[in-house]
Amino acid sequence: MIYLCRTQQMRVDSLHDHGAYLVDAGVELPPLPAAYDGAKLTVDAERILLPTNQLSGEAVGDVVSVFVYLDSSDRPIATKLLPKAEFGLTALLTVKQVNRVGAFLDWGLPKDLLLPYREQTRPVGEGDEVLVAVYPDKSGRLCATMKLYPYLRTDSTHKKDDRITGRVYEVSDNFGAFVAVEDCYSGLVPKKDLFYPLAPMQQIEARVAGVLPDGKLTLSLREKAYAQMDGDSALILSALRSAGGFLPYHDKSSAEAIKARFSLGKNAFKRAIGHLYRERLITIGEDGIRLVDR
């Protein structure tokens, strides 16, 4: 079977002046995310042409790694130029130009990859970098989408409390910040844990707060409570000093007021002021917290 728009191993079946004809080498490819179910991912042919300009001394029987895509005339053809994006993978690509149908992305092949306007989650311009997945449109042509959620992988080996890097690809007022962990795995910083604003394409470091049964990752921008407390305590001390030694916040203050002033959750705030109180650095009164004179 010959797969469209995936890197695969193929065997040279015959050589001709115009190139080599390749056949399936029988190497199984990894499964694709469920979002690709029903997509036309195979070529209706038993062999495919690798043009002469792509050959480098191959003989009949040799196995080569190639990518099969549709050329400018929508004919399937093989190339040894391995692109920056393919079915089943996300990729960070650069916008080459924008016209009336959408943006065209540089993905390492002669024919640029179209990012239609309907698949853009925000306007993009020439030179911008965008994180996209690759999918076939209704006519079978390859396109890019910035709507990554259904295309991100859920088979990471990350465990609770692992440190990760990721890229924000969408921010939702209802759910939080959606993150492509390592640009390919599905992650979310829940709304309740967004203590400061994040923006699309922002790179973050985070902690895996949990792994859901379906493999998606729940992320936290903060360390575990005991590790974070010293940093939170230092933040509150600094704020107190800047305010002249008093702030009108205490353990009965609203979570919204605490978050707006300190970018902390209420539980984290209470742990921090409790720690400062035990260290005799502050007093806690009905009207707020005060630095202890030393």
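The values are calculated or read from the model by the stated rules, or taken from the named source; none is laboratory data. Just so it is clear, the structure is predicted and the values come from calculations on it, not from any experiment. When we count neighbours, we look across all protein chains shown, and the Cβ atoms used for this are built from the backbone with ideal geometry, even at glycine.
The residue list S65, S73 contains one member that is among the hydroxyl-bearing types (S, T, Y) and part of a loop (DSSP other than H, G, I, E, B), which is S73.
For F87, the stated conditions do not hold, so it cannot be described as surrounded by 17 or more Cβ atoms within 10 Å (Cβ to Cβ), without any contact (Cβ under 8 Å) to a residue 12 or more places away in the chain and not β-branched (V, I, T). Among residues of segment 1-19 that are assigned by TED's automatic domain parsing to the domain that holds L32 and among the hydroxyl-bearing types (S, T, Y), those with a beta-carbon under 7 Å from a residue that is outside any strand (DSSP E or B) and at pLDDT 90 or above at least six positions away or on a different chain give the pairs S14/V60. Across segment 103-128, what is the total count of residues that are assigned to a loop (DSSP other than H, G, I, E, B) and either of a type outside the set (A, V, I, L, M) or modelled with pLDDT of 90 or more (or both)? So the answer is 14.
Residue check: K192 meets all listed conditions (1) modelled with pLDDT under 95; (2) touching a helix residue (DSSP H, G or I) at 6+ places or on another chain (Cβ under 7 Å); (3) more than 30 Å from S73 (Cβ to Cβ) but one, namely (2). From the list L92, L109, the one residue that fits, being of a type in the set (A, V, I, L, M) and within 19 Å of E205 (Cα to Cα), is L92. Within segment 136-156, which residues are assigned to a strand (DSSP E or B) and out of contact with any helix residue (DSSP H, G or I) (no Cβ under 7 Å at 6 or more places or on another chain)? Of everything in segment 136-156, those that are assigned to a strand (DSSP E or B) and out of contact with any helix residue (DSSP H, G or I) (no Cβ under 7 Å at 6 or more places or on another chain) turn out to be P136, L142, R153. So for segment 238-253 (the condition being crowded, with 17+ Cβ neighbours inside 10 Å and within 30 Å of S186 (Cβ to Cβ)), does at least one residue qualify? No - not one qualifying residue is present in segment 238-253.
Can you find even one residue in segment 169-176 that is aromatic (F, W, Y) and either at pLDDT 95 or above or under 22 Å from L92 (Cα atoms) (or both)? For segment 169-176, residues aromatic (F, W, Y) and either at pLDDT 95 or above or under 22 Å from L92 (Cα atoms) (or both): present.
Based on what the data block shows, is L131 part of a strand (DSSP E or B), in contact (Cβ under 8 Å) with a residue 12 or more places away in the chain, of a type outside the set (S, T, Y) and under 22 Å from A34 (Cβ atoms)? The answer is yes for L131. Being surrounded by 18 or more Cβ atoms within 10 Å (Cβ to Cβ), among the small types (G, A, S) and in contact with a Leu (Cβ under 8 Å, 6 or more places away or on another chain) holds for only one residue in A78, A59, and it is A78.
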